[in-house]
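Have a look at the structure below before the remarks.
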Amino acid sequence: MQPVNNKKIKISIVNYTNTLPFKWALKRSDIMASIDLQEDIPSICAQKLKYKQVDLALVPVALLPELDRYFIVSDYCIGARGKVDSVKLYSEVPLNEIERVVLDYQSKSSITLTKVLKQFYWKSNFQFVDAKPGFENEIQGTQAAVVIGDRTFKLNGSFKYEYDLAEEWQKFTGLPFVFAAWVSTETLDETFVRDFNAVLKHGVEHLSEAIDDDLNPALLDKAATTVYLAKRISYPLDADKISALKLFIDYIKQLA
């Protein structure tokens, strides 16, 4: 499709491995001619949408209560049904012995999920500390850290305790979790939304082809990438995930 008035639709997408099928399909689709696709870390996706620097973004869902209005555009998201393997609390001591948790600066949803779990599920007393680059190297003693995204691939298995936050949420609520959704702050053209959704669907349904074409072996090999994208990430924004999203937002509003 052609952009309205020759103005491209600005889109911010997370530049992690979990969006590989989305990026693969978008970059090979006819709608590439009508969009300006920008790859960012989740917190930047959120910032760009909040300040109207883009028209559509794959944003951490914890941003939603901050928006005056929003529209969830697609039937697809970045979610998990249980263990996700790329959003974890790493520690050398069990939860009840942790004194400080350093919070990854790259995603508001993961930070907020940690706060929700602490207050309503774990009922722990540890303190939160904002992260600075390189904080992953400071996990020691009673200081733990939440790390998200592709950086977790090299950390998994390195610490005595690893708490998968999506799995912890499922234990707490019995529901899946939605980390990021496709959101706009203005109404988008219906034809574009339909075509955009169809492209995402194509990517999710052709996962093997996407991995074959766009695999980054420096992060994960083909087998591990396939397990991660096919078994850990859950893309459809179905009824259970919508319920989970609403519940998460309710908990956000109750945070002390």
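Quickly estimate the mean residue ellipticity at 222 nm for the chain, helices only: each DSSP H run with n ≥ 4 gives -39500 (n - 2.57), and the total goes over all residues, rounded to 500.
The helix contribution divided over the chain gives -9500 deg cm²/dmol.
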>> Taking the Cα of Val129, stepping 7 Å toward and past its beta carbon, and measuring to each backbone N in the range 140-159: which are under 13 Å?
In response: 140-146
> So what are the ³J(HN,Hα) numbers for the range 212-229, from phi and the Karplus equation (6.51, -1.76, 1.60; θ = phi - 60°), rounded to whole Hz, Gly and Pro as x?
Replying inline: 4, 7, 10, 4, 10, x, 5, 9, 9, 6, 4, 5, 5, 5, 5, 4, 4, 7
>> Which of Ile78, Ile211 has the fewest other C-beta atoms within 10 Å, and how do the rest follow up to the most?
In response: Ile211, Ile78
> Hey, what angle do you get for helix 239-254 against the long axis of the chain, alpha-carbon based, 0 to 90 degrees rounded to 10?
Replying inline: 60 degrees
> Once a ≥ b ≥ c are taken as the square roots of the eigenvalues of the Cα gyration tensor of the range 87-173, is the result rounded (a/c under 1.5), prolate (a/b larger than b/c) or oblate (a/b not larger than b/c)?
Replying inline: rounded
> What list of ³J(HN,Hα) couplings, whole Hz, do you get for the range 65-81 from phi and the Karplus terms 6.51, -1.76, 1.60, once you set θ to phi - 60° and write x for glycine and proline?
Replying inline: x, 8, 8, 4, 7, 7, 10, 7, 8, 10, 8, 10, 8, 10, x, 8, 10
>> With angles folded into 0 to 90 degrees, how steeply does helix 108-117 sit against the dominant principal axis of the chain? Use alpha carbons for both and round to 10.
In response: 40 degrees
>> Given R₀ = 25 Å, what would the calculated FRET efficiency be for Leu255 paired with Glu39, taking r from the Cβ atoms and rounding to 0.05?
In response: 0.25
>> Explain nothing, just the number: relative contact order of the range 87-173, from Cα pairs under 8 Å at least 6 residues apart, as a whole percent.
In response: 51 percent
>> Just want the ordering: Phe177, Phe71, Phe196, Phe126, from fewest to most Cβ atoms lying within 10 Å of their own Cβ.
In response: Phe71, Phe126, Phe196, Phe177
> Among Val87, Val101, which comes first, then next, by fewest other beta-carbon atoms within 10 Å?
Replying inline: Val101, Val87
> For the residue pair Gln140 and Lys52, what label-to-label distance in nm results when each label sits 7 Å from Cα along the Cα-to-beta-carbon direction?
Replying inline: 4.9 nm
> Taking H as built 1.01 Å from N, whose amide H comes closer than 5 Å to the amide H of Phe128, not counting residues under 5 places away?
Replying inline: Val101
> Percent antiparallel among DSSP beta bridges with both residues in the chain, to the nearest 5?
Replying inline: 55 percent
> What angle do you read, to the nearest 10 degrees and between 0 and 90, between the alpha-carbon axis of helix 190-205 and the longest principal axis of the chain?
Replying inline: 60 degrees
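Every read-out reported here was derived from the displayed coordinates using simple, explicitly stated rules and does not represent laboratory data. In this text, all values refer to a predicted model and were calculated from it rather than measured experimentally. Here the Cβ is made from the backbone with ideal geometry for all residues, glycine too, and neighbour counts use every protein chain on show.
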